[in-house]
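Worksheet: the structure to be examined is printed underneath.
The values are calculated or read from the model by the stated rules, or taken from the named source; none is laboratory data. All values derive from a computational prediction rather than experimental measurement. Ideal geometry is used to build each Cβ from the backbone, glycine not excepted, and the neighbour counts take in all protein chains shown.
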Amino acid sequence: MKNSSKLFIGLATGGYIGFIPFAPGTFGSVLGIPLFYFMSSMPLLPAFFFLLVFILFSIWIAGKGERLLKAKDPGCIVIDEIAGIGVTFLAIPFNIYWAILGFIVFRFFDILKPFPVNYLEKRFTGGLGVVIDDVAAGIMSNIVLQMILLVMK
């Protein structure tokens, strides 16, 4: 395998975390927590644009990973979970409680795939198909967290 292929697979699998034989998506989501911490220190608009660029990067990397691994949306690709959990935490204050709650809510939506998450997963292919359902699960999770924040005020 060429070095460039190893690099793409390494990025797509979250530094090869995706090859853990059990719950690779869960471990990939944990990798997104530092992204959440980094974004929480940014003003909202730069955080939004950083996340948008990361999502576009994830789509490209996931598509390349699918081609290199010769599989449709293989479980070892976890960059989509990292992007999805980043969406979950956009405009959410950082602390351990929000990190745990957001992680649980995101995994709930990512695993159960309620509409429209399941629709998007089936509707799109390639890198977009790999990432878009996790972004949708992240949006749903963010809405839940924002509602909790509103109730707590």
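Quick check, is Val151 touching a Ser or Thr at 6+ places or on another chain (Cβ under 9 Å) and at pLDDT 95 or above? Taking the combined requirement at face value, the residue does not satisfy it.
Filtered by the rule that a residue be basic (Lys, Arg) and over 15 Å from Val87 (Cα atoms), the range 103-151 gives Lys113, Lys122, Arg123.
Which one of these is closer than 19 Å to Ser141 by Cα and at pLDDT 95 or above: Phe54, Phe19, Phe38? From the options Phe54, Phe19, Phe38, the qualifying one is Phe54. Can you find a residue that is of a type outside the set (Ser, Thr, Tyr), under 13 Å from the mean Cα position of the chain (by Cα), modelled with pLDDT of 95 or more and farther than 21 Å from Ile17 by Cβ anywhere in the range 71-89? No, the range 71-89 contains no residue that is of a type outside the set (Ser, Thr, Tyr), under 13 Å from the mean Cα position of the chain (by Cα), modelled with pLDDT of 95 or more and farther than 21 Å from Ile17 by Cβ. One residue stands out in the range 121-153 among those that are of a type in the set (Gly, Ala, Ser) and surrounded by fewer than 21 Cβ atoms within 10 Å (Cβ to Cβ): the one that is farthest from the chain's Cα centre (by Cα), namely Gly126.
Restricted to the range 61-107, and to residues there that are assigned to a helix (DSSP H, G or I), free of Cβ contacts under 8 Å to residues at least 24 places away in the same chain and not hydroxyl-bearing (Ser, Thr, Tyr), the residue that is surrounded by the most Cβ atoms within 10 Å (Cβ to Cβ) is Arg67.
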